[in-house]
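Presented below is the structure to which this report refers.
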Amino acid sequence: MNDILLFTLLTLGLLGTVLAIILYFVAQKFKVIEDPRIDLVEDALPKANCGGCGFPGCRNFAEVTVKAANDTQSLEGLNCPVGGNDVMKRVAAILQLEVEDQEPMIAVIRCNGSHAHSPSKVKYEGPASCAFAHNLFSGEGGCQFGCLGLGDCVRSCDFDAIHMNSETGLPVVNDKCVACGACVKACPRGIIELRNKGKKDKRIFVSCINKEKGGIAKKNCSVACIGCSKCQQVCPYDAITMADNLAYIDFEKCKLCRKCVEVCPTDAIHEINFPLRKVKVETTETEPKKVQKATNEVVTTSEVVVSEENKPNTENKA
Amino acid sequence: MNKLKTFTIGGVHPHENKLTDQVAIRTLPLPKQLIIPLGQNLGVPPKPIVKKGDEVKTGQLIARGEAFISSNIHAPASGKILKIDDALDASGYRRQAIFLDVTGDEWADDIDTSGTIEREIKLSKSEIVARIKECGLVGLGGATFPTHVKMMIPDGKKAEYLIINGVECEPYLTSDHRMMLEKGDEILVGVSIMMRALDTEKAVIGIENNKPDAIAKLSQLAQSYKGIQIQPLKVKYPQGGEKQLIKACVNREVPSGKLPIEVGCVVSNVGTAFAVYEAVQKNKPLIERVVTITGKNLTHPSNFLVRVGTPISDLIAAAGGMPEDTGKLINGGPMMGKSLSTPDVPVVKGSSGILLLKNEESKRPTPKTCIRCSKCTVVCPMGLEPFLLSKLSKLGLYERAEKEQIMDCIECGSCQFTCPSGLPLLDYLRLGKQKTGQLIRNRK
Amino acid sequence: MSLFTISGSPHVHGEENVKKIMLTVVYAMVPAMLVSIYFFGLDALRVMLIAVGASIFFEYVIQKYLIKGPITITDGSAAVAGILLAFNVPANVPAWMLVAGALVTIGVAKMSFGGLGKNPFNPALVGRVFMLISFPVQMTSWPVAKPLFASHLTDAITGPTALGLLKEGVGAGKTVDQILADPQMPQYLDRLMGNMSGSLGEVSAIALIIGGIFMVIRKVIDWQVPVSIILTVFIMAEIFHLIDPQHYIEPSFHLFSGGLMLGAIFMATDMVSSPMNLSGKIVFGVGIGLITIIIRLWGAYPEGISFAILIMNAFTPLINNAFKPKRFGLVKK
């Protein structure tokens, strides 16, 4: 009996020792020396793994950041759009560096071709995939630049920040948007643009990317940019450029003066989160127009939650 | 009777509906204005060489294809260039096109417009290819691949067979059928010309046996041409697919991802053979083609000889006008054609037919769940698993889809046609192909 | 004028639909139904009506109140599952038992996976095996076939199946000749026509084969599965018969007794739970044949095809991955 006990203990003890020695050497041989700061940076990141920073996953971004800190002592060009300035400051603190504040961005839908503005000329039957429909035809409304309304952007969003409005058939971005850019990549038509969030969320942008000549664009959609250049002429800050019959507002130069909004003959320029203008609306005359505008406003208001009193903004021009 | 040849894997039998196979080809009068899209060939569109206000004669070069895979475009009628601007074409998008105000039909000087059949081939191999290139020929079966590029055999390869597609497996369409009946001699001369250009001894014309008159006519005519064999084939869709046709006619399988020349074959269409004849023997560029205009409630479904650039609405008017309950307008046949949003789209070199479907015909069945019946796998002519591929594409698993050979799909639509659950299999396959293609290109 | 429709090609659709396929299966089962009514009288009809009714009822209730999705009882798949379940039970089975079986068939084996097209196992077989294991006595007391609308069958005239006799006999150490001499053992022609005790649908090999041929012609099933099952069973039985003819019975006995034909033709060929590709179907069939013969010759149960099919159902996804259709243009090297 004792013999057995002794024998067992000896064998197991010996086996344990030998294995421990082997394990020690293997661990030494395969040891990976990793900067412990990578883990720290990764912990500071939001771990959404959205790819908004341009790298596949938060871990990879952390590695790149630490490498950049070692090599160049700067975090220039590296930004986590999801975490924003707070996260980047924390990351910088871990790496004992400084970062400049980045302007927060938001995805903006640059198409206002709702069912009302761009009535359907054909009926689409097939899978709900913009990428497929884009290859098939120019869109139900006929505009070959406009939104197809099948929601590839909605499906690409990891943050529940973009939804389809069934009334207009256009996507709507809410304030959960972290500007990761997934929808920008998902849209086969390139309608979505990441723009400056703006002071107090105020933004002005051209809600159209149609490059066709005015007449053709207008035929398909009543709120298309027709390339008339009026906004460009009126802009005191040189923020508007014209190319291919299309106006573009540079958000870095735009001072939100709203002059362009007033002159646009097709209401293609949208202003968001501005207070009500002080012009009285003549109710009797604008009544029929109001109905049409109502749907227009659904888009504008829902771009970001807009207070109710903003509504008459565009009507003022009528 | 011998067992008719056909391809071995898959295939379906849609209703043939050849409403116009006994309707002789008529020439459509010239319209007042022609819109000639520049992107009429596979590859790079040619560059316009005329400008606004230029007077052109019928057959005069108006756009030159400079890239390797590109082809020339000639004026389809004489008149004045109105403008060069974007115009809606069959793709559903506005693209660059030449607008021509037609004043008459005065042909350029060096074109032989007589109807006499020239049988003697005078030109040499390289001259033939040069002439084909000059005359802007593309494959008229629908893929519109520039013909002169096809005629240039890569070094180290030899074209053993020239296979001519007279199958017309698409339901409804009859333009090739009528061509074979009415232009049999010209087609055979065209085939002989292509054989000389390719240095080929043997040519096989594959015709499905739902066209016994065409088989009889061409078999009789072919006796006086050396090396041309008429091969009757069993009716089965998609026999007109290049790879399926080679398998059916000479029992060779083109390897995955390779071209027919890999197995010593070059495939062309009977329409193209006719165009080759006209180009080489008559110096006549490709400015007109036979288009079938058909549909069950059209009053006069017909086959028209149409100048390139004629609006489709003109064809519909000539066939009795747009019927009231048209639900779908299709450029091409019902299996592979492209639905159009408006009839104001010009006929191009690749248009083989215009099909108008009634409202009730144009409805798709409501999709249900897959019952795993495997019918799609059985009918797939490429031996793929459409149910799996469409699922993978739906889920975005493009790498797995690539391994399952999604890129081999020829988009014939047999799977979707046959699916008892009415699933949009091909739609997702197309999407998958598109995304997988991007993936592959990005990798390079 | 209405708007034009834009969609991808093809713009026409064939005439196939799910309902048509299910109806074809029902038509194919008609000969076997008639034979069962002929041999087991109105009891057979009663069993079939209850099984079908209960299956459709459960499918409706589950879709309406549990899943709250679209109701698809009109596609006929629940009816097919009901008939198949009825085919798998003796004619004298109590109604409540049958209803319980239908609940398992539809509720557990079909709807819990998401309904038609998503069940990994053949629902009717799951229901049958559930009944066999839960109520072994009732499920194995087979009424003796009594042609031409005999009066109501009672337990008094039940008898063992041919396979049951065989298993019992072999277990008791009898030789095959002795077993065959048993007066309860049905004769060869009776086994072919169905004049023997057994489950409703399994008795008549001829009726089942007629249905099978009909389905193959209508392209609802492929011949690969039934033929490979039957051939495998035949070959295996023949091998053992040659080794020891007094211990192992001749192969034709195996083919025309028990649920082999029913299983091979109607159960194993179920579209949902069988492999998708032809080569895979052959592997599937051979697997079923092997497991069946193993259970029949050496297992505890006299009959093994239900278990064999369910086991192979579990392998279906693997078979689908491993056996691909012959691709066009695959270069031979």
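Observations, loosely collected:
- Among residues of segment C:118-138, those that are outside any loop (DSSP other than H, G, I, E, B) and either farther than 18 Å from residue C:83 by Cα or outside the structural domain of residue C:85 (by TED's automatic domain parsing) (or both), counted: 5
- Restricting attention to segment A:202-231, the residues that are over 16 Å from residue A:144 (Cα atoms) and touching a residue at least 24 places away in the same chain (Cβ under 8 Å) add up to 8.
- Hey, residue B:114 surrounded by 17 or more Cβ atoms within 10 Å (Cβ to Cβ), of a type outside the set (A, V, I, L, M), more than 14 Å from every other protein chain (Cβ to nearest Cβ) and closer than 21 Å to residue B:306 by Cα or not: no
- Residue within segment A:135-158 that is in the same structural domain as residue A:209 (by TED's automatic domain parsing), surrounded by fewer than 16 Cβ atoms within 10 Å (Cβ to Cβ) and under 22 Å from residue A:270 (Cβ atoms) present: no
- Taken over segment C:280-333, the criterion of being surrounded by fewer than 20 Cβ atoms within 10 Å (Cβ to Cβ), away from every other protein chain (no Cβ under 14 Å) and either hydroxyl-bearing (Ser, Thr, Tyr) or part of a loop (DSSP other than H, G, I, E, B) (or both) is satisfied by C:299, C:300, C:301.
- The single condition among (1) among the polar types (S, T, N, Q); (2) more than 14 Å from chain C (Cβ to nearest Cβ); (3) in contact (Cβ under 8 Å) with a residue 24 or more places away in the chain that residue B:6 does not meet is (2).
- Residues that are within 27 Å of residue C:76 (Cα to Cα) and hydroxyl-bearing (Ser, Thr, Tyr) were ranked within segment C:258-296; the one that is nearest to the chain's Cα centre (by Cα) is C:269.
- Scan of segment B:69-85 for residues that are buried (at least 16 other Cβ atoms within 10 Å of the Cβ) and within 14 Å of chain A (Cβ to nearest Cβ), ordered by number: B:84
- Of all residues in segment B:319-337 being more than 7 Å from every other protein chain (Cβ to nearest Cβ) and part of a loop (DSSP other than H, G, I, E, B), the one that is nearest to residue C:10 (Cα to Cα): B:333
- Test: residue B:22 is part of a loop (DSSP other than H, G, I, E, B) and surrounded by 16 or more Cβ atoms within 10 Å (Cβ to Cβ): no
- Residue within segment A:185-201 that is free of Cβ contacts under 8 Å to residues at least 24 places away in the same chain, in the same structural domain as residue A:135 (by TED's automatic domain parsing) and within 13 Å of the chain's Cα centre (by Cα) present: yes
- Only one entry of B:202, B:282, B:211 meets the criterion of being in contact with a Gly (Cβ under 7 Å, 6 or more places away or on another chain) and basic (Lys, Arg), and that entry is B:202.
- Total residues in segment C:42-72 satisfying the condition of being farther than 18 Å from residue C:84 by Cα and not hydrophobic (A, V, I, L, M, F, W, C): the figure is 8.
- Pick from segment B:375-422, criterion at positive phi and either aromatic (Phe, Trp, Tyr) or out of contact with any helix residue (DSSP H, G or I) (no Cβ under 7 Å at 6 or more places or on another chain) (or both), ranking: farthest from the other protein chains (Cβ to nearest Cβ): B:396
- Sole residue being under 27 Å from residue B:43 (Cα atoms) and surrounded by fewer than 20 Cβ atoms within 10 Å (Cβ to Cβ), chosen from B:430, B:364, B:400, B:443: B:443
- The criterion of at least 3 residues that are buried (at least 23 other Cβ atoms within 10 Å of the Cβ) is met by the following helices (runs of 4 or more DSSP H) wholly inside segment B:176-251: B:184-198, B:242-250.
- Test: residue in segment B:258-272 that is without any contact (Cβ under 8 Å) to a residue 12 or more places away in the chain and either surrounded by 23 or more Cβ atoms within 10 Å (Cβ to Cβ) or within 30 Å of residue B:405 (Cα to Cα) (or both): yes
- A single member of A:209, A:226, A:216, A:204 is on the phi < 0 side of the Ramachandran plot, part of a helix (DSSP H, G or I) and of a type in the set (Val, Ile, Thr), and it is A:216.
- Any hit, segment A:186-198, residues being more than 14 Å from chain B (Cβ to nearest Cβ), modelled with pLDDT under 90 and either part of a loop (DSSP other than H, G, I, E, B) or touching a helix residue (DSSP H, G or I) at 6+ places or on another chain (Cβ under 6 Å) (or both): yes
- All positions within segment A:202-223 that are within 22 Å of the chain's Cα centre (by Cα) and among the hydrophobic types (A, V, I, L, M, F, W, C): A:204, A:205, A:206, A:208, A:209
- Test: residue in segment B:341-355 that is facing chain C (nearest Cβ under 8 Å) and of a type in the set (S, T, N, Q): yes
- Conditions (1) of a type in the set (D, E, K, R); (2) free of Cβ contacts under 8 Å to residues at least 60 places away in the same chain; (3) on the phi < 0 side of the Ramachandran plot; number of the one not met by residue B:372: (3)
Residue by residue, here is whether (1) within 25 Å of the chain's Cα centre (by Cα); (2) assigned to a loop (DSSP other than H, G, I, E, B); (3) on the phi > 0 side of the Ramachandran plot holds:
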position: A:112; (1), (2), (3): yes, yes, no
position: A:120; (1), (2), (3): no, yes, no
position: A:123; (1), (2), (3): no, no, no
position: A:126; (1), (2), (3): no, yes, yes
position: A:132; (1), (2), (3): yes, no, no
position: A:141; (1), (2), (3): yes, yes, no
position: A:144; (1), (2), (3): yes, yes, no
position: A:149; (1), (2), (3): yes, yes, yes
position: A:153; (1), (2), (3): yes, no, no
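- All positions within segment A:131-153 that are under 27 Å from residue B:361 (Cβ atoms) and within 11 Å of chain B (Cβ to nearest Cβ): A:132, A:133, A:134, A:135, A:136, A:137, A:138, A:139, A:140, A:141, A:142
- Filter pass, residue B:97 being within 14 Å of another protein chain (Cβ to nearest Cβ), within 17 Å of residue B:46 (Cα to Cα), in contact (Cβ under 8 Å) with a residue 12 or more places away in the chain and not β-branched (Val, Ile, Thr): yes
- For residue B:268, the test of being part of a strand (DSSP E or B) and closer than 28 Å to residue B:152 by Cα is passed.
- Residue among B:42, B:19 that alone is modelled with pLDDT under 90 and within 23 Å of residue B:141 (Cβ to Cβ): B:42
The values are calculated or read from the model by the stated rules, or taken from the named source; none is laboratory data. Worth saying up front: this structure is predicted, and the values here are computed from it rather than measured. Every residue, glycine among them, receives a Cβ derived from its backbone with ideal geometry; neighbour counts consider all protein chains shown.
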